[in-house]
């Protein structure tokens, strides 16, 4: 049984290898393949630098409460999902959400990017945030969580935010106990 299973797996792998076009079949030399990989890496690095610039611009404008400047970073049909699960669709709804947040005196946001990746005309930035919030009923408390920002390359060459998600870190609502082993 084990032997026939191995034979089947090996035969499947050989079949897949035989129908998959190799670099040689495509007329791509090893040198060309390395050059294409280097170009891909350079393009990824360039996009990552552009996304990092946009993240810093967004962060600076947020901390300065410059909603108009922030909105220039969003596509017209963008979506923003808050940590509480609220969904704002389109620039007008996102602007209203941000104006409300600005009115509640949110301040001192810090972002820590953990990953920036790009594929085709989409890129994302994912990381964590921490913010010292000052609200009327609680003058100073820390809020933290994770964020994900998805960018889309526009026809004019600009990257704009199309999806923006924030999650809030909260203590678990359920106490986990080890299972008793009989």
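The values are calculated or read from the model by the stated rules, or taken from the named source; none is laboratory data. Values in this document were obtained by computation on a predicted structure and should not be read as measured data. Here Cβ is always computed from backbone atoms with ideal geometry, including for glycine, and neighbour counts include all displayed protein chains.
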Check whether at least one residue in segment 103-114 is free of Cβ contacts under 8 Å to residues at least 12 places away in the same chain, in a helix (DSSP H, G or I) and under 24 Å from residue 137 (Cα atoms), and report yes or no. yes
Considering each residue of segment 146-160, count those that are more than 19 Å from residue 94 (Cα to Cα), surrounded by 14 or more Cβ atoms within 10 Å (Cβ to Cβ) and in contact with a strand residue (DSSP E or B) (Cβ under 6 Å, 6 or more places away or on another chain), and give that number. 1
Hey, does segment 161-176 have a residue that's modelled with pLDDT of 95 or more and under 20 Å from residue 60 (Cβ atoms)? yes
Give me the pairs, please: first residue somewhere in segment 55-84 and free of Cβ contacts under 8 Å to residues at least 24 places away in the same chain and at negative phi, second residue anywhere and surrounded by fewer than 17 Cβ atoms within 10 Å (Cβ to Cβ) and not in a loop (DSSP other than H, G, I, E, B), beta-carbon distance under 7 Å, and either six or more positions apart or on two chains. 61/69; 76/91
